[in-house]
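Here the structure is laid out as structure tokens; the discussion comes afterwards.
The values are calculated or read from the model by the stated rules, or taken from the named source; none is laboratory data. Everything numeric here is computed off the predicted structure, so don't read it as measured data. Cβ placement follows ideal geometry from the backbone for every residue including glycine, while neighbour counts extend to all protein chains displayed. Protein only, heavy atoms only, side chains kept; ligands, DNA and RNA dropped before computing areas. Shrake-Rupley method; radii C 1.70, N 1.55, O 1.52, S 1.80 Å.
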Amino acid sequence: MKKPRIAEWTELRGMAFLAIVMQHNIAEYIYRADIEQPDSIMLTMIYHLTRFGTPTFVFLSGVMLFYHHRNTKPDYPRFIRKRFGDIYMPFVVWTLIYWLSVRIFNPAFWLAGIPDFRSLIRELFVPQTGYHLWFVIMVFQFYILFPLFLAGAKAIQRRIQNASRFTPMQVIIGLILFAAALYALLMKWSYYNMGGLTESISEPWSTLLQYRSYSWVMYWFYFLLGAVCAWSVDSWRSWTTKILPWTICLFAGMYIWLGYDVLRGSGDVVNLNISTYLKPTTFLIIMAQMLMMYGFLVLMRSKDTRFQRLLAWIGRYSFGGYLVHALVIYGIAYVTRPLQLSGWHLPITLLSFLATVGIALAISWALSKLPGSRFTVGLMRKPRSTPHPSVAVDKRITPERTPSPGHTRSPGTSEPF
């Protein structure tokens, strides 16, 4: 029996996609030599409105997995085959596309004879041309390890139910706060200590630390939070709305702090890496903003506005849009990089963002209608509903036919995030 679809999850996915596209457009323009200080400051301010994007995708991955498997043990071979087709195969396809896209217009590539396929293999492990594809490598690790996470979650659930001294809600909140404290310590160690360790330890540990952002270890808290949400959706909804005044205040305070921190730590050129995901203060603004937005979406549940429908549509095609959006940014940058944009970086960034969102989602939507869409955008084509021969009705008697409920099918979709 199909579980009911939770509308705010798709809408939140759409918001996370928009945040990531904005981040990457800002990164394209903020480091240009002709940018003026007012544009740099404004783009930095917008950038700190988008830090929730990638961690929210991790959160939603945990939500979807635990929601669909909290009461059932997944058939692991079938489970991993499905995720391999829905998530990893699109990653391979788009890795090849990005690898070709930076070489196909270079005559040396065609005159070299045998292409350098070693660089393509490297892209499958350390994406460079498709710089955003690192996320697929990281999040797929959660799918591989999901049976272990599920077993651990069920063991914790049994202990919570057997606890007599505190209520289950008190225990859950306590566990969340304890896990958040551990994760904040990990972020502190990552930001302030791990960079120096890469020079003092031997291989392969130095490489693992250098590329630690590719590891699930650095994002496990968001996945755990997704499990908490999935296990009790109604309680989560109630909780996020009750703490909304606190999350708004925390977000406002951290927004001011992060902007100040970046401007104070930067020189003539703004250094957005100061607000990396793997930093305690960034962790705080991410959590505040993610919970705040979830609370707002819950408050809007009773409404059916065009904005909500738009977010839901964006959320549906967000995975394909995510895969293709960097290629769109490359195309726009091919036009804008030779131009002198002094004094225009802010409006050009906003226009580039709108163009990237529109084109990327249009490509994702178009590819979802074609054969093999599962391996390009992670979505199955909507099957055509055809009546079974046994329920065919003579048109001469009944001009209006209603398909048999037993043969009505809903769109086959995959929601990797």
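Here are a few things to note about the model shown:
- Evaluating Ile104 against the criteria (1) more than 18 Å from the chain's Cα centre (by Cα); (2) closer than 30 Å to Met380 by Cα; (3) assigned to a helix (DSSP H, G or I) leaves one unmet condition, (3).
- Counting only helices (runs of 4 or more DSSP H) wholly contained in the stretch 199-301, the ones carrying 1 or more residues that are closer than 27 Å to Val171 by Cα and not β-branched (Val, Ile, Thr) occupy 220-231, 233-242, 244-265, 280-299.
- Residue within the stretch 208-218 that is aromatic (Phe, Trp, Tyr) and without any contact (Cβ under 8 Å) to a residue 24 or more places away in the chain present: no
- Evaluated against (1) surrounded by fewer than 15 Cβ atoms within 10 Å (Cβ to Cβ); (2) of a type in the set (Phe, Trp, Tyr); (3) at pLDDT 90 or above, Phe135 falls short on exactly one condition, (1).
- Any hit, the stretch 267-281, residues being without any contact (Cβ under 8 Å) to a residue 60 or more places away in the chain and open to solvent by 70 Å² or more (accessible area, probe 1.4 Å): yes
- Residues in the stretch 20-49 that are part of a loop (DSSP other than H, G, I, E, B) and either open to solvent by 10 Å² or more (accessible area, probe 1.4 Å) or among the hydrophobic types (A, V, I, L, M, F, W, C) (or both): Ile30, Tyr31, Arg32, Ala33, Asp34, Ile35, Glu36, Leu49.
- Candidates Ile87, Ile114: the one that is outside any helix (DSSP H, G or I) and either modelled with pLDDT under 90 or open to solvent by less than 60 Å² (accessible area, probe 1.4 Å) (or both) is Ile114.
- Any hit, the stretch 130-153, residues being of a type in the set (S, T, N, Q), out of contact with any Pro (no Cβ under 9 Å at 6 or more places or on another chain) and under 30 Å from Phe84 (Cβ atoms): yes
- Residue satisfying condition, being over 12 Å from the mean Cα position of the chain (by Cα), open to solvent by less than 20 Å² (accessible area, probe 1.4 Å) and within 21 Å of Cys229 (Cα to Cα), within set Phe66, Phe57, Phe52, Phe17: Phe66
- Total residues in the stretch 229-242, condition of a type in the set (Lys, Arg) and either open to solvent by 40 Å² or more (accessible area, probe 1.4 Å) or under 15 Å from Ile286 (Cβ atoms) (or both): 1
- The set of residues from the stretch 142-186 being farther than 26 Å from Asp234 by Cβ and crowded, with 16+ Cβ neighbours inside 10 Å comprises Tyr143, Ala184, Leu186.
- Counted residues, the stretch 69-84 - those being basic (Lys, Arg) and modelled with pLDDT of 90 or more: 4
- Thr356 being open to solvent by 10 Å² or more (accessible area, probe 1.4 Å), in a helix (DSSP H, G or I) and polar (S, T, N, Q): no
- For the stretch 198-228, a residue qualifies if it is farther than 18 Å from Met290 by Cβ, aliphatic (A, V, I, L, M) and either open to solvent by less than 60 Å² (accessible area, probe 1.4 Å) or at pLDDT 90 or above (or both), and the qualifying residues are Leu209, Val217.
Residues checked against (1) touching a Gly at 6+ places or on another chain (Cβ under 9 Å); (2) farther than 29 Å from Leu367 by Cα:
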| position | (1), (2) |
| --- | --- |
| Arg78 | no, no |
| Arg83 | no, no |
| Ile87 | yes, no |
| Phe117 | no, no |
| Leu120 | no, no |
| Trp134 | no, no |
| Ala151 | no, yes |
| Ile156 | no, yes |
